[in-house]
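Asks: Structure in structure tokens, see below.
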Amino acid sequence: MPRIVTVAAAQLGPIARSDSRAMVVERLIAHLREAKRMGCDLVVFPELALTTFFPRWFMTDQAEIDSFFERRMPGPETQPLFDEARRLGLGFYLGYAELVEENGVVSHFNTAILVDRNGQIIGKYRKVHLPGHREHEPWRRFQHLEKRYFDLSDTGFPVWRAFGGILGMCICNDRRWPETYRVMGLQGAEMILLGYNTPVHNPPAPDHDALSLHHNTLVMQAGAYQNGSWVVGVAKAGSEEGVPMIAGTQIIAPSGMTVAATRGEGDELAVAACDLDACTTYKSTTFNFAAHRMPQHYGLITERKGAEPPP
Ligand code: ING
């Protein structure tokens, strides 16, 4: 019996700073309903899918910053999303800004959750690779203050048995680092879900703009192939508060081939029936980790943070 998971990569167009959670949740619910019509089991939304990408602005008022975060999940404004998904029998991945208070300590995370068909949160991931910078850098056309607004991950990269297979999650910049996929690959991940908000222009590297979509595809296809896993990458795209964001939403097979992709930069689904057993031909041959990996030579990967060239 093939283990097929039919996935909808649910791309979002821009979310304005003034858009209410209710307005955005309506868009997410519209995606759920179309995904159901298309026979899907699982819907993947982008990173920070409830708000505009607020790390593009330098803010100092903590109340203003916290207005972009969710204190409860589901909360009053997101409960309709959970209710509709459960009614339709769909699972989903949702990226959002998480504010959590434990023992009097408030933490802020760039978070993604995996929700099963019964509307239960079965997995939570907090972004490991926080790109950008911590202090205001006025020279930039726009800021990228994830290191300022989000705390470091306390989850690492777990995987979960769900939807008939082994699923993992990551978020945006995580997809650029091979370690992300390998840590999940070493846990048997068969499908890795990720959302992203990626500006076309990266101020520290202005000459990369024309390659931004290429780099997006390159890193996800490589991660899929080198770990024999499906990868689902979902954009928040279009010109959001004056900042062009790439689309490039796609579903990638363990072969590294893209099997479904969006065409535009708005709210759009890309759908594929993903056979989880398609992982086996890679995990049992070329990327049979137990047969071929040589960890005794990989020590620098965890011992060393930055590159140290020879004298
Ligand atoms: N965004 C971007 C990303 O990794 C970035 C940051 C853009 C890094 C371009 C490097 C080059 O896709 C987020 N949110 O991580």
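Asks: Pairs only if they're at least six apart or on different chains, beta carbon under 6 angstrom, first in region 104-131 and in contact (Cβ under 8 Å) with a residue 12 or more places away in the chain and within 16 Å of Val159 (Cα to Cα), second hydrophobic (A, V, I, L, M, F, W, C) and within 13 Å of the ligand (Cβ to nearest atom); list them, first residue then second.
Replies: Close Cβ pairs (under 6 Å, with a partner that is hydrophobic (A, V, I, L, M, F, W, C) and within 13 Å of the ligand (Cβ to nearest atom)) amount to Ala112/Ile171; Tyr125/Ala112; Lys127/Ile171.
Asks: A follow-up question, please. Tell me, which residue of region 115-134 that is open to solvent by less than 30 Å² (accessible area, probe 1.4 Å) and small (Gly, Ala, Ser) is farthest from the ligand (Cβ to nearest atom)?
Replies: Gly119
Asks: For region 144-165, enumerate the residues that are touching a residue at least 60 places away in the same chain (Cβ under 8 Å) and more than 15 Å from the ligand (Cβ to nearest atom).
Replies: Of everything in region 144-165, those that are touching a residue at least 60 places away in the same chain (Cβ under 8 Å) and more than 15 Å from the ligand (Cβ to nearest atom) turn out to be Ala162, Phe163, Gly164, Gly165.
Asks: Glu98 versus (1) charged (D, E, K, R); (2) out of contact with any Asp or Glu (no Cβ under 9 Å at 6 or more places or on another chain); (3) open to solvent by less than 20 Å² (accessible area, probe 1.4 Å): which is the lone unmet condition?
Replies: In the conditions (1) charged (D, E, K, R); (2) out of contact with any Asp or Glu (no Cβ under 9 Å at 6 or more places or on another chain); (3) open to solvent by less than 20 Å² (accessible area, probe 1.4 Å), Glu98 misses (2) alone.
Asks: Being touching a strand residue (DSSP E or B) at 6+ places or on another chain (Cβ under 8 Å) and closer than 30 Å to Asp277 by Cβ: is that true of Phe150 here? Spell out the reasoning first.
Replies: On the way: touching a strand residue (DSSP E or B) at 6+ places or on another chain (Cβ under 8 Å): yes; closer than 30 Å to Asp277 by Cβ: no.
It is false that Phe150 is touching a strand residue (DSSP E or B) at 6+ places or on another chain (Cβ under 8 Å) and closer than 30 Å to Asp277 by Cβ.
Asks: A further question follows. Only one of Ala247, Ala273, Ala290 is open to solvent by 60 Å² or more (accessible area, probe 1.4 Å) and touching a residue at least 24 places away in the same chain (Cβ under 8 Å). Can you tell me which? Full working, then the answer.
Replies: On the way: Ala247 fails: open to solvent by 60 Å² or more (accessible area, probe 1.4 Å); Ala290 fails: touching a residue at least 24 places away in the same chain (Cβ under 8 Å).
Criteria check complete, one pass: Ala273.
Asks: Same structure again: When you check Ala112 against the structure, is it buried (at least 23 other Cβ atoms within 10 Å of the Cβ) and assigned to a strand (DSSP E or B), yes or no?
Replies: On the way: buried (at least 23 other Cβ atoms within 10 Å of the Cβ): yes; assigned to a strand (DSSP E or B): yes.
Spelling it out, Ala112 is indeed buried (at least 23 other Cβ atoms within 10 Å of the Cβ) and assigned to a strand (DSSP E or B).
Asks: Next question, about the same structure. Can you tell me which residue among Glu64, Glu137, Glu98, Glu77 is within 16 Å of the ligand (Cβ to nearest atom) and not in a strand (DSSP E or B)? Step through it out loud before you land on a result.
Replies: Working: Glu64 fails: within 16 Å of the ligand (Cβ to nearest atom); Glu98 fails: not in a strand (DSSP E or B); Glu77 fails: within 16 Å of the ligand (Cβ to nearest atom).
Residue meeting the stated conditions: Glu137.
Asks: I'm trying to understand the selection: among the residues of region 194-232, which are more than 16 Å from the chain's Cα centre (by Cα), open to solvent by 50 Å² or more (accessible area, probe 1.4 Å) and away from the ligand (no atom under 13 Å from the Cβ)?
Replies: Tyr225, Gln226 - these are the residues of region 194-232 that are more than 16 Å from the chain's Cα centre (by Cα), open to solvent by 50 Å² or more (accessible area, probe 1.4 Å) and away from the ligand (no atom under 13 Å from the Cβ).
Asks: Taking into account only those residues within region 166-193 that are of a type in the set (A, V, I, L, M) and in a helix (DSSP H, G or I), which is surrounded by the fewest Cβ atoms within 10 Å (Cβ to Cβ)? Give the steps one after another, and end with the answer.
Replies: Let us first name the residues in region 166-193 that are of a type in the set (A, V, I, L, M), namely 166-167, 169, 171, 183-184, 186, 189, 191-193.
If we keep only those that are in a helix (DSSP H, G or I) as well, we get 183-184.
On the way: Val183: 19, Met184: 25.
Only one residue fits best here, namely Val183.
Asks: Can you name every residue in region 23-61 that is closer than 23 Å to Val243 by Cα, outside any helix (DSSP H, G or I) and open to solvent by 60 Å² or more (accessible area, probe 1.4 Å)?
Replies: Scanning region 23-61 gives Phe58, Thr60, Asp61.
For every residue, the table says whether it meets (1) within 16 Å of the chain's Cα centre (by Cα); (2) closer than 16 Å to Leu193 by Cα; (3) of a type in the set (A, V, I, L, M); (4) not in a loop (DSSP other than H, G, I, E, B).
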site: Val234; (1), (2), (3), (4): yes, yes, yes, yes
site: Ser239; (1), (2), (3), (4): no, no, no, yes
site: Pro244; (1), (2), (3), (4): no, no, no, yes
site: Ile251; (1), (2), (3), (4): yes, yes, yes, yes
site: Gly256; (1), (2), (3), (4): no, yes, no, no
site: Ala260; (1), (2), (3), (4): no, yes, yes, yes
site: Gly264; (1), (2), (3), (4): no, no, no, no
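The values are calculated or read from the model by the stated rules, or taken from the named source; none is laboratory data. Computed from a prediction, not measured in an experiment: that's the story for all the values here. Neighbour counts are summed over all protein chains in view; Cβ atoms, including those assigned to glycine, are modelled from backbone coordinates with ideal geometry. Note: areas computed on protein heavy atoms with side chains; ligands, DNA, RNA excluded. Shrake-Rupley method; radii C 1.70, N 1.55, O 1.52, S 1.80 Å.
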